Amino acid sequence: MANTTSAKKATRKIARRTEINKSRRSRVRSFIRQVEEAIASGDVAQAAEALRAAQPEIQRAATKGILHRNTASRKVSRLAMRVKALSA
């Protein structure tokens, strides 16, 4: 257990940040899931629209430190590749 005042404050800050990060991570996963569901349904227009909505969310997560920059780029790239293959 934290003994000093600063350690107690750090514990409170970590708890707050963890909640924020959890919600952001959940939000990103929801957007990714929407793209994957649209791809699975075979609807090209819906998949493209879902990807357009998901891309800034994924990049924002990278900016905020939820995802690594390269991980975010990889996710966007792979989703885009699957949407493109769907239309071809």
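Overall, the chain carries a charge dipole of about 740 debye about its Cα centre when +1 sits on the Cβ of Lys and Arg and -1 on the Cβ of Asp and Glu, all other atoms neutral. By the rule of a C-alpha distance below 30 Å, with chain neighbours fewer than 8 residues away ignored, the lysines paired with Lys8 are Lys22, Lys64. Note on the chain: semi-axes of the ellipsoid equivalent to its C-alpha gyration tensor, largest first and rounded to whole Å, are 36, 12, 8. Ranked by the mean number of other Cβ atoms within 10 Å of their residues, highest first, the peptides 43-50, 77-84, 7-14 fall in the order 43-50, 77-84, 7-14.
Readers should treat all values here as calculations from the given coordinates under stated rules, not as data from a laboratory. Treat the numbers as computed from the prediction; the structure is a model and nothing was measured. Positions of Cβ are backbone-derived with ideal geometry, glycine not excepted, and every protein chain shown enters the neighbour counts.
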